[in-house]
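To keep things clear, I will list the structure first and then write my remarks on it.
The values are calculated or read from the model by the stated rules, or taken from the named source; none is laboratory data. This structure is a prediction, so every number in the text was calculated from the model and none was measured. Quick reminder, even Gly has a Cβ in these numbers, built from the backbone with ideal geometry, and neighbours come from all protein chains shown. The protein model used for the area step is the full one, side chains on, heavy atoms only, and it has no ligands, DNA or RNA in it. Shrake-Rupley method; radii C 1.70, N 1.55, O 1.52, S 1.80 Å.
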Amino acid sequence: MKRTLTILGLAAAVALPSVASAETLRMAFSSAPQSIDPYPFGGTPTASLKEHVFEALVAADDSPLLAESWAWTSPTSLEVKLRQGITFHDGGALTARDVIYSACRMMYLIDGKRNLLTSSMGPITDIVAVDDHTVRFDMNAPYPLWVQKMKFLSILPASGGDVPEGPIAYDAEGNCGIASYPSRADFESGDAAIGTGPYKLVRFDKSGEADLEKNPDYWGGAPEWDEVQIRTIGNAGARLAGLLAGDFDLIENPTTEDLPGLEANDELTYTAIPSWRSIFLLLDVNPEGAPGVSAADGSAPLADIRVRQAMSMAINRDAIAERLFGGEATVANQFAPSYRTGAPELPALAYDPEKAKALLEEAGYADGFTIDFYAPSDRYANGARVAQAVTQYLSRVGITVNLKTEPWSVFAGKRRDKELGVFMYGWGHPQGAAQMISFAFASRDNDLGLGASNYSNYQNDAFDAAMKAWAVETDDDKANEFVGQAMRVAVEDLPGIPLYYQHTIWAHRADLVVNGRQDERTSATTVSRK
Amino acid sequence: MPTDVTTVEVDPVAAADKAEPTFAEKFWKVFRGHPAALAGLIGITVFVLLAIFAPLIAPQDPYDQTQLDILDGLLPPGSQLWDGTPSLLGTDALGRDILSAVLYGLRISLFVALVAVIVGSAIGVFMGLLAAMKGGWVETVIMRTVDLKMSFPGILLALMVLAIFGTGIDKVIIALIIGAWASEARLVRAVALSELKKEYVDAARLAGLSDWRIMGRFLFPNSISPVLVVLPMSISGAIGAEATLSFLGVGVPITEPSLGLLIANGNDYILSGKWWISIFPGLVLVAMVLCINVVADRLRDHANPYLRGKD
């Protein structure tokens, strides 16, 4: 009898997830935020945490955040108007001085460690407080991307540092006449973790734990939750078990295999949002040949456009999205997500294995050729399985594929050393539709920030012309026009093969609504009660 | 029941009359009256035959990517593949027929374990004999290396080796060899040391034979039997170790799964009701290791003079 009661009690505990307090949201991340110091660390988990506390001038979706509006007064000068009446967690008002202070901190290297925008702020020559709520950024050359880059500039109160009275004079070393900035430890202890965001930091722990409390004076209206608890559980099974046991209200990244079970559970559900991450194959199109790619006649098969088209046509993207992701992936037709602002309208990429074989024959590879195909085993959702499916499809049109799945740490090193002729990669960046192609396919141009990771050795004049024009175009519509031109050339030439766009999935209590973000970040601001 | 064994051995007349028993007779004597061991032996034979003839039996070549289709993924047992091939045990996420994958996986698992144990034991035997024969600093170096190796958990050592050399079937074999030789070396040295004290060795020395010759002609055949007795146990251990490494994702390539990797593939689906991906390779692995262990137990009991004749 006693045992029956225990079992009933356990069943009840599982069936009715208990809530610690009605207004606390308990979230489990899949990997740990590195710090609450908003300057040196990139990465989605760190950004997810920091955006609860700190805000930037521009939001991830390109809308104004702490800025009210901005305008290019000349091609090299951007004027940003700040919102009125915003206060920091310590009660101080947000002014232009705080923006300049934050930019100085971004350029200041603590222990020589580079910050998120250290290399992106090169063109900025001066930052001027026009009045209390207007900031002007002056540049040495047209730099329209700065609007996008401002998403990474978290705004701190100037009162947090050892700053002399009066205006701050910006300089590129970040000295700015400032005696000292708060250290990483100051942020992590909470002393310096003062922003304008909807939540205040109560506690941060390096294991990936953070406790937050509501900022009742938030300019955007009172936040939904009184308290937010963030925990990190790397193992997907353990994370799901925590949700099932009622330890969490929301977890990141349940596996595709767990989705049917979540659907069948009345107490739980999941929300999937198409994200900005596109997954593709990258091909080294060097006419001199590519590492790990060999043909019987010693030629360079990947340099032939017909071969690249054949590879693209060999892959059944619909089957991958449907079978390996249970529909929670969007088939790609270009290198940026097709639903992203600025991405051009393009037709679907064809799946036609017969035509693929014919193209290979036409190109002189009727007997196929051999590739070493590399894929990271631990980086992308279902990554190893997708790599095997791609291997199946390429094998079926006659290409001999040696699939090598390796841990990210090994894979990334080989990629950096240019040892990979064909590899699978994912690119998700908050900065516009052209970001990936401008890095991966453009000829290298350090001044314009183009081609820094052109592992394809791709070179096309029409593409380069469009990218160069885009890099200096301050008019959004015209810039998108150039993105469209470049994207069309790239999709025609296929220096890589687009596969699909990842969806970000959150599993959560059925009585919550998750208005998930496309940049894969998990935020309490996107979660509300029904 | 097995009292007749004793009778045969203590009857001096019969023993004298009989010629030296043939290998088959000796073999039969070990297993007669031990149905479990006999069943194990039959099981091993079946598994080995299945592994050898896998390409003829399996409905699909699971390593030939052109025969797989992800549209066949996750079919339950008893379904049909795209080309009409029946899939008796279902398919995994990539459309691999589980029956075929198990047969081929068995091949890899057995091959890796056999090669690793045979090569590892050969190295171990040689090292053990050398240590016993030479003594001095040679023995010290070898035996301290053995101690050092034995102080590492085996799987950890194999993981380290694979982290350094990378993955692949050849690397797994190397990792298992590195794990296998030390216990054999220690065993053989102990036996060889006691053999060295016997008169036939003195005689050989007096006859002027070199150390190497004594080692090869006399010490080796007289010290090898304990190794032969533990060999099956080493093989089942190696099968388990390979499965563990592959399960952890550092073993065989993912396009050529062994039993351990098949179990790992299915592990992701076990909570979503796709039980067949893990269960069948798991059952085969358990059955094979069980068969080998039963036979190994019998061999060990038979080799032990205190137990011989009692059972």
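Would you grab the residues whose amide H sits under 5 Å from the one on A:Val202? Only those 5+ places off in sequence or on another chain, please, with H modelled 1.01 Å from N.
A:Asp211, A:Leu212, A:Glu213
For the pair B and A, how large is the buried accessible area, both sides, in square angstrom to the nearest 100, if the probe is 1.4 Å?
Details: alone 16280 and 22090 Å², together 36670 Å².
Chain pair B/A: roughly 1700 Å² of buried accessible area.
How large is ³J(HN,Hα) for each residue in the stretch A:480-490, as worked out from phi by the Karplus curve 6.51 cos²θ - 1.76 cosθ + 1.60 (θ = phi - 60°), to whole Hz, x for Gly and Pro?
Residue by residue, the stretch A:480-490 yields 5, 4, 5, 4, x, 4, 4, 4, 4, 4, 5 Hz.
Compute the relative contact order of chain A as a whole-number percentage, counting only Cα pairs closer than 8 Å that sit 6 or more residues apart in sequence.
Values: 1142 pairs, mean separation 95.9, N = 530.
It comes to 18 percent, rounded to a whole number.
Within the set of other residues whose C-beta is less than 11 Å from the C-beta of B:Asp64, count the net charge using Lys and Arg as +1 and Asp and Glu as -1.
Values: positive: A:Arg396, B:Arg96; negative: B:Asp61, B:Glu256.
Once positives and negatives cancel, what remains is 0.
Please report the spacing between the Cα centers of the stretch A:98-162 and the stretch B:177-199 in Å, no decimals.
So the two Cα centres are separated by 71 Å.
Can you tally the net charge around B:Pro221? Count Lys and Arg as +1, Asp and Glu as -1, for every other residue whose Cβ sits under 15 Å from the Cβ of B:Pro221. Mind dumping the intermediate values first?
On the way: positive: B:Lys198, B:Arg213, B:Arg217; negative: B:Glu195.
Summing Lys and Arg as +1 and Asp and Glu as -1 gives +2.
So which residues in the stretch A:364-403 end up with at least 50 square angstrom less accessible surface once the other protein chains are there, compared with the chain by itself, probe 1.4 angstrom?
For the stretch A:364-403, once contacts with the other chains are taken into account, A:Arg385, A:Gln388, A:Gln392, A:Arg396 lose 50 Å² or more.
Under a cut-off of 20 Å between alpha-carbon atoms, report the aspartates and glutamates in cross-link reach of B:Lys29, not counting same-chain residues fewer than 8 places apart.
B:Asp4, B:Glu9, B:Asp11, B:Asp17, B:Glu20, B:Asp297, B:Asp301, B:Asp311
Grab the DSSP H runs of chain A that are 4 residues or longer, score each as -39,500 (n - 2.57), total them, divide by all residues and round the 222 nm result to the nearest 500 deg cm²/dmol.
Working: 14 runs with 138 residues, N = 530.
Taken over chain A, the calculation gives -7500 deg cm²/dmol.
What does the extension gain come out to for A:Ala348 and A:Asn265, with contour length at 0.36 nm per residue minus their alpha carbon separation?
On the way: separation 83, 0.36 × 83 = 29.88 nm, distance 3.56 nm.
26.3 nm is the gain from fully extending A:Ala348 to A:Asn265.
At 0.36 nm per residue, and after removing the present C-alpha to C-alpha distance, how many nm does the segment from A:Thr400 to A:Asn446 gain when stretched out fully? The partial results should precede the final answer.
On the way: separation 46, 0.36 × 46 = 16.56 nm, distance 3.74 nm.
So the extension gain works out to 12.8 nm.
Have a look at chain B and give its Rg and Dmax from the Cα atoms, expressed in angstrom.
Just the Cα atoms of chain B yield Rg and Dmax of 23.5, 75 Å.
Could you tell me how far the Cα centroid of the stretch B:28-81 sits from the Cα centroid of the stretch B:242-311, in Å?
Here the answer is 13 Å between Cα centres.
Can you list which of the GluC sites (Glu not before Pro) found in the stretch A:276-379 are DSSP loop residues with at most 11 other C-beta atoms within 10 Å?
Working: sites: A:Glu288, A:Glu322, A:Glu328, A:Glu345, A:Glu354, A:Glu361, A:Glu362; in loops: A:Glu288, A:Glu328, A:Glu345.
Loop-located and lightly packed - A:Glu288, A:Glu345.
Within 14 Å, Cβ to Cβ, of B:Asn267, how many net charges do the neighbouring residues add up to if Lys/Arg are +1 and Asp/Glu are -1? The partial results should precede the final answer.
Numbers: positive: A:Arg385, B:Lys274; negative: A:Glu257, A:Asp258, B:Asp92, B:Asp268.
Counting the neighbours of B:Asn267, the net charge comes to -2.
Before I look further, what does the stretch B:121-249 give for accessible area per residue, probe 1.4 Å, in whole square angstrom?
Heavy-atom SASA per residue in the stretch B:121-249 reads 49 Å².
Give the residue from A:Val130, B:Thr140, A:Trp70 lying farthest towards the positive end of the charge dipole for the protein assembly as shown; charges sit on Cβ (+1 for Lys and Arg, -1 for Asp and Glu) and the dipole is referred to the Cα centre.
Result: B:Thr140.
Provide the per-residue ³J(HN,Hα) series for the stretch B:154-166, in order, calculated from phi with Karplus coefficients 6.51, -1.76, 1.60 and θ = phi - 60°, each as a whole number of Hz, with x at glycine and proline positions.
x, 5, 4, 4, 4, 4, 5, 4, 5, 5, 7, 8, x
How large, in percent, is the carbon and sulfur part of the accessible surface of chain B at a probe radius of 1.4 Å?
That share works out to 69 percent.
Can you list, by residue number, the Cys in the protein assembly as shown that have no neighbouring cysteine C-beta under 4.7 Å?
B:Cys291
Please list A:151-157, A:234-240 highest first by mean number of surrounding beta-carbon atoms within 10 Å per residue. List each step's numbers first, then the result.
Working: A:151-157: 24.1, A:234-240: 16.1.
By packing density, highest mean first, the sequence is A:151-157, A:234-240.
Would you mind checking the tilt of helix B:136-150 against the longest principal axis of the Cα atoms of chain B, expressed as 0 to 90 degrees and rounded to 10?
Helix B:136-150 and the main axis of chain B meet at about 30 degrees.
Once amide H atoms are placed 1.01 Å from N in the peptide plane, what residues at a sequence separation of 5 or more from A:Thr125, or on another chain, have their amide H within under 5 Å of its amide H?
Residues meeting the amide H criterion: A:Asp138, A:Met139, A:Asn140.
Helix-only estimate, please: 222 nm mean residue ellipticity of chain B, summing -39500 (n - 2.57) across DSSP H runs of length 4 or more and dividing by its residues, to the nearest 500. Before the final figure, lay out each step's value.
Numbers: 15 runs with 213 residues, N = 311.
One gets -22000 deg cm²/dmol as the mean residue ellipticity at 222 nm.
Using a 1.4 Å probe on the heavy atoms of the protein chains only, list every residue of the stretch A:315-340 that has 30 Å² or more less accessible area in the complete assembly than in its chain alone.
Hits at the 30 Å² cut-off: A:Arg323, A:Leu324.
Measuring with a 1.4 Å probe in the full set of protein chains, what accessible area per residue, in whole Å², belongs to the stretch A:309-423? Don't skip to the end; give the middle numbers.
On the way: 4550 Å² over 115 residues.
Normalised by residue count, the accessible surface of the stretch A:309-423 is 40 Å².
Taking Cα centroids, how far is the stretch A:419-461 from the stretch A:42-65 in Å?
24 Å
How many percent of the accessible area of the stretch A:211-268 is carbon or sulfur, using a 1.4 Å probe?
Details: 1100 of 2500 Å².
Ligands and nucleic acids excluded, carbon and sulfur give 44 percent.
Of A:Lys149/A:Lys418; A:Lys81/A:Lys214; A:Lys206/B:Lys149; A:Lys81/A:Lys113; A:Lys113/A:Lys151, which ones are farther than 24 Å apart at the Cα? Please report the intermediate quantities before stating the final value.
Values: A:Lys149/A:Lys418 28 Å; A:Lys81/A:Lys214 27 Å; A:Lys206/B:Lys149 36 Å; A:Lys81/A:Lys113 31 Å; A:Lys113/A:Lys151 20 Å.
Going by Cα-Cα distance, A:Lys149/A:Lys418; A:Lys81/A:Lys214; A:Lys206/B:Lys149; A:Lys81/A:Lys113 fall outside the 24 Å limit.
Check each residue of the stretch B:34-67 and keep those whose accessible area, probe 1.4 Å, is at least 30 Å² smaller with all protein chains in place than in the chain alone; give them in order of residue number.
Flagged in the stretch B:34-67: B:Gln65, B:Thr66.
Can you pull the percent of the stretch A:274-503's accessible area that's carbon plus sulfur, 1.4 Å probe, other chains left in place?
Numbers: 3850 of 8770 Å².
Ligands and nucleic acids excluded, carbon and sulfur reach 44 percent.
Sort A:247-257, A:135-145 by the packing proxy (mean of other Cβ within 10 Å over each peptide's residues), most packed first. Intermediate results must be reported in sequence, preceding the final value.
Working: A:247-257: 22.5, A:135-145: 18.9.
Packing order, densest peptide first, comes out as A:247-257, A:135-145.
Debye calculation, C-alpha points only, no solvent: report log10 I(q)/I(0) for the stretch A:274-503 at q = 0.12, 0.16 Å⁻¹, in the same order as the q values.
-0.61, -1.13
Given a 1.4 angstrom probe, what's the average accessible area per residue across the stretch A:55-181, in square angstrom?
Here the per-residue accessible area is 41 Å².
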